[in-house]
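J.: Before we start, here is the structure in question, set down as structure tokens.
Just so you know, all these numbers are worked out from the coordinates, no wet-lab data involved. Keep in mind that this is a model prediction, so the values were computed, not measured. Neighbour counts are summed over all protein chains in view; Cβ atoms, including those assigned to glycine, are modelled from backbone coordinates with ideal geometry.
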Amino acid sequence: MGEPIPLLFDDPPFRLSGIVYGTLLNQRESLNRLGDAVNQPPYKAAPKAPVLYMKPRNTLARDGDWIPMPDQVDALQLGATLGLVIGRPASRVATADALSHVAGVVLMADLRVPHDSFYRPSVRHIARDRSCVLGPRIVPLDQAGDPDQASLVVEVDGRFRQAASMSDMMRPSAVLLADVTEFMTLLPGDVLMLGLCADMPALHRGQRFQICAERIGQLQGAIA
Amino acid sequence: MKTARVAYAGAIHSATPHPSGLRLTDGRVVAEEAVVWLPPFEVGTIIALGLNYADHVKELSKELTVTAKDEPLVFLKGPGTLVGHRGQTRRPKDATFMHYECELAVVIGKPAKEVKATEAMAHVAGYTVCNDYAIRDYLENWYRPNLRVKNRDTCTVMGPWFVDAADIPDPHALPLRTLVNGEVTQRGTTANMINDIPTLIEYLSSFMTLLPGDVILTGTPDGVVNVNEGDEVVCEIEGIGALRNTIVGDAVFGR
């Protein structure tokens with residue numbers, strides 16, 4: 001039947017629901033990299049609504065876990081970001097009080113099979129078992145500070161690889177929450193990722209990664 | 001066996017069909033209208049298929065920029081979108097094309113990891129009906145179908161019954177149809193799925209472990225039409241159930 005995989009996280013004082021939404025092309029630089037391609041087929045226009053995707057429950061993994069490398073894949077992209085953990089039901093929230101719906105933040109590593117197209121990427125690239133590592137704990141906002149000023153330092157095998165800043169987002173966390181909850185309610189324990197940054201490091205078999213942020217902590221993992 | 005999950009008299013119950021409506025597990029018999037119908041099982045990951053009926057592919061061909069498919073077209077949905085039988089679905093004021101999609105929903109009963117098609121049906125617990133609404137006005141070409149089209153509150157209707165797999169000898173031979181205000185607008189059969197259930201389970205379980213309660217929405221045939229505020233939409237699959245719901249406007253939500 002295969003090895004057991006973690007279903008739910010119960011990190012006091014906040015219980016995660018297991019529902020995780022990701023955001024893409026929120027960082028200005030990540031959209032700029034596409035250049036005029038955003039106006040060409042198949043996209044034909046820059047995104048209007050937030051570009052969202054799901055990391056289903058089979059993808060959830062904890063700090064320190066070994067992540068299986070999929071067969072026939074040479075490398076995974078390491079998408080380091082901050083997750084907003086919802087603290088009270090958020091439906092049609094106003095930007096001004098959006099963050100009052102957030103219990104805290106958590107460091108996240110979204111491990112993706114590299115793919116170039118943003119048009120209709122296969123879920124096969126996104127929803128691999130244990131490809132969403134989060135932790136080590138949920139840090140309340142009053143300790144973590146402003147999520148939009150957080151800067152994540154990403155290392156692979158102990159070497160600096162990326163500074164993933166949350167300060168270059170077209171939709172800062174409050175605006176993102178307002179735009180997302182305009183059509184979908186988020187519930188306590190749900191997680192909304194702020195966005196992935198350009199220049200995601202590649203991870204190969206046997207490599208270890210670490211994501212650190214001041215006042216938030218450090219998240220580690222490794223590729224089996 | 002068919003079971004429902006309903007709210008009645010201050011608690012959530014499991015219920016079975018009864019000539020007068022439903023029979024709750026504690027013996028009470030109640031009318032269909034007297035309960036609040038919930039999705040009929042604890043829903044895990046919602047995995048939906050796009051373009052899994054050949055006729056629906058043809059119907060949407062004008063807007064498709066990619067036609068060659070070498071693998072099933074899969075997208076994921078969150079549980080926040082769910083409502084039960086006899087529920088309400090919101091149609092925003094600015095929508096011009098909002099349509100239902102009557103789909104056979106396949107519920108996983110035991111974990112499935114790297115399961116071959118020949119073994120796949122042993123992982124199916126049962127079936128229900130899903131109406132997977134879309135609002136095409138919000139379609140964008142980024143991570144299609146984007147969540148604003150397909151993951152909206154109240155836009156995934158599921159029920160009324162969870163039907164044990166053992167009661168459905170051939171899930172690939174079920175007539176399905178949709179009625180809007182009593183008029184048939186969509187007709188098809190699950191025999192016309194491009195990727196059948198074993199194929200989908202083999203494909204999905206090759207890269208993601210399917211868990212009990214996960215549900216595969218197997219796509220819809222052609223015949224999707226716009227629905228408006230006040231419309232009553234019934235999605236029927238023979239032997240599985242008739243799933244009823246009502247389209248409501250923004251005013252109901254204070255918008």
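J.: Report Rg (one decimal) and Dmax (nearest whole number) for chain A, counting Cα atoms only, units Å.
T.: Just the Cα atoms of chain A yield Rg and Dmax of 16.5, 48 Å.
J.: Next up: What's the center-to-center distance, using Cα atoms, between the range A:97-168 and the range B:147-184 in Å?
T.: Rounded to whole Å, the Cα centres lie 36 Å apart.
J.: Continuing with the same structure: Among all cysteines in chain B, which have no other cysteine Cβ under 4.7 Å from their own Cβ?
T.: Isolated Cys, chain B: B:CYS130, B:CYS155.
J.: Here's something else I'd like to know. Return the equivalent ellipsoid semi-axes of the protein assembly as shown as a descending list in whole Å, where each equals the square root of 5 times an eigenvalue of the C-alpha gyration tensor. Please list the in-between numbers first.
T.: Numbers: eigenvalues 263, 115, 110 Å².
One finds semi-axes of 36, 24, 23 Å for the protein assembly as shown.
J.: Ok, one more. Work out the count of Lys pairs in chain B where the Cα-Cα distance is under 23 Å, with the pair 8 or more places apart or on different chains.
T.: Qualifying lysine pairs in chain B: 11.
J.: Another question, if that's okay. Modelled label-to-label distance, A:ASP97 and B:ALA31, 7 Å Cα→beta-carbon offset: nm?
T.: 4.0
J.: Sticking with this one: Which whole-number percent gives the relative contact order of chain A, counting Cα pairs below 8 Å spaced six or more residues apart? Please list the in-between numbers first.
T.: On the way: 534 pairs, mean separation 71.2, N = 224.
Computed value for chain A: 32 percent relative contact order.
J.: Give or take rounding to whole Å, what are the principal axis extents of the alpha carbon atoms in chain B, in descending order?
T.: Largest to smallest, the principal-axis extents are 53, 46, 29 Å.
J.: Nearest 5 percent is fine: what portion of the DSSP beta bridges confined to chain A is antiparallel? Spell out each step's value before the answer.
T.: On the way: 46 of 53 bridges.
DSSP beta bridges in chain A are roughly 85 percent antiparallel.
J.: Going by average Cβ density within 10 Å per residue, which order do the peptides A:140-152, A:195-207 take, highest to lowest? Before the final figure, lay out each step's value.
T.: Values: A:140-152: 16.3, A:195-207: 18.0.
Per-residue Cβ counts within 10 Å, averaged per peptide and sorted highest first, yield A:195-207, A:140-152.
J.: Shielding by partners for B:76-83, please: the mean number of other protein chain Cβ atoms within 10 Å of each residue's Cβ.
T.: Values: counts 8, 3, 12, 5, 11, 3, 0, 0.
Rounded to a whole number, the mean comes out at 5.
J.: Averaged over every viewing direction, what's the projected area of the C-alpha convex hull for the range B:44-179? Give it in nm², one decimal, please.
T.: Its average projected convex-hull area is 9.6 nm².
J.: For q = 0.20, 0.21 Å⁻¹, what log10 I(q)/I(0) does the range B:178-255 give under the Debye formula with an equal point scatterer on each alpha carbon and no solvent?
T.: So the normalised log intensities are -0.97, -1.01.
J.: Calculate for the protein assembly as shown the 222 nm mean residue ellipticity that helices alone would give, adding -39,500 (n - 2.57) per DSSP H run of length 4 or more and normalising by residue count, nearest 500 deg cm²/dmol.
T.: Values: 7 runs with 41 residues, N = 479.
So the helix-based figure for the protein assembly as shown works out to -2000 deg cm²/dmol.
J.: When the dipole is taken about the Cα centre of the protein assembly as shown, and only Lys, Arg (+1) and Asp, Glu (-1) are charged at their Cβ, what size is it in debye, to the nearest 20?
T.: Working: 46 positive and 56 negative charges, 78 e Å.
Value, rounded to 20: 380 debye.
J.: For the range A:44-118, take N as its residue count and report Rg(C-alpha) divided by 2.2 N^0.38 Å.
T.: 1.41
J.: Just the number, please: percent antiparallel of the DSSP beta bridges in chain B, rounded to the nearest 5. Let's see the in-between values first.
T.: Numbers: 59 of 68 bridges.
Counting only bridges with both partners in chain B, antiparallel ones make up about 85 percent.
J.: Further question on the same structure: Sequence-distant or interchain residues sharing an amide H contact under 5 Å with B:VAL124, placed H: which?
T.: Counting only residues 5 or more places away or on other chains, the set is B:GLY109.
J.: Counting other C-beta atoms within 10 Å, which of A:ARG33, A:ARG120, B:ARG152 has the fewest, and how do the rest follow?
T.: Fewest-to-most Cβ neighbours within 10 Å comes out as A:ARG33, A:ARG120, B:ARG152.
J.: The range A:143-210: Rg/Rh from Cα coordinates, Kirkwood Rh?
T.: Over the Cα atoms of the range A:143-210, Rg/Rh equals 1.05.
J.: Another question, if that's okay. So what is the orientation-averaged projected area of the range A:77-140, using the convex hull of its C-alpha atoms, in nm²?
T.: Values: hull surface 23.4 nm².
With every direction weighted equally, the projected area is 5.8 nm².
J.: Taking every residue in A:118-129, how many Cβ atoms of other protein chains lie within 10 Å of its Cβ, on average?
T.: Mean partner-chain Cβ count within 10 Å for A:118-129: 6.
J.: Counting only other chains, and only Cβ atoms inside 10 Å, what mean value do you get across the residues of A:180-190?
T.: Per residue, the average neighbour count from other chains is 4.
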